[in-house]
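Report on one structure; see the data block that follows.
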Amino acid sequence: MKSRLEKLKGTCIGIAGCGGLGSNCAMALARAGVGHLVLADFDVVTRENLGRQYYFLDQVGQKKVQALKDNIARVDPGINVEAHDLCLGPDEVLRIFKNCRVIIEAFDRAEMKLMLIETVTERFPDKFIIVGSGLAGYGANNALRTRRLGNLFICGDEISEVSEETPPLAPRVGAVAAMQANQVLEIVMDDLQPASGDDVWDE
């Protein structure tokens, strides 16, 4: 029987988006011992990203997927990291995440979030998807939670929206990213099974 850490090492996790949520979640999973990460993003690192994303000043101008792959290698060069520099659509989701047990949603745009959720739930009924919703501003630690709906996990307060008054700041973004990573560990190490039929959990 495999140990829990052996399960992590043998698991493939997909991360859609390598910004605040995705970069911090990826690093948490790398430090926890996940052996295979599939990253997808088309953007580059900017100075404005450094306030909440897991990049460094000398990486400004680099593609996020490559910069994140390099940062993961500094933690553990033995981790298998697939870096896909592209804009995801349904076809790309099906192609690059087909071998992933869990897919992390880490997009900024609502239409991209919806596309990923619909594609994964409709085409990958045997996979889990973990999304971030409600992470803007600061404080309100007790409002952050994880809720399960079938094979979908929602991390955040599900209320706070990004605005000039409530921008995405490192502590809350990092907290939700850590919740997403922690949920991955629970799924893998506790052998959670995908929902069947119309099973729904609301935790």
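Tabulated values for the structure
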quantity: Gain on full stretching of the segment that runs from residue 73 to residue 158 - 0.36 nm per residue minus C-alpha separation; calculated: 27.3 nm
quantity: Exceeding the 26 Å Cα-Cα cut-off - candidates 9/69; 63/98; 2/63; 7/69; 9/113; calculated: 2/63; 9/113
quantity: Length added when fully stretched, residue 57-residue 31, from 0.36 nm per residue minus Cα-Cα; calculated: 7.2 nm
quantity: Computed label-point distance, nm, for sites residue 111 and residue 170 using a 7 Å Cα→Cβ extension; calculated: 3.3 nm
quantity: Separation in nanometres of the label points that stand 7 Å from Cα toward Cβ, at residue 91 and residue 123; calculated: 1.0 nm
quantity: Paired Rg and Dmax values of the range 4-189, which use every Cα atom, in angstrom; calculated: 15.1, 44
quantity: Distance between the range 135-182 and the range 44-80 - C-alpha centres, whole angstrom; calculated: 22 Å
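Laboratory data are not the source of any read-out in this text; all were calculated from the coordinates shown. Here the structure is a predicted model, which means the values were calculated and not measured. Positions of Cβ are backbone-derived with ideal geometry, glycine not excepted, and every protein chain shown enters the neighbour counts.
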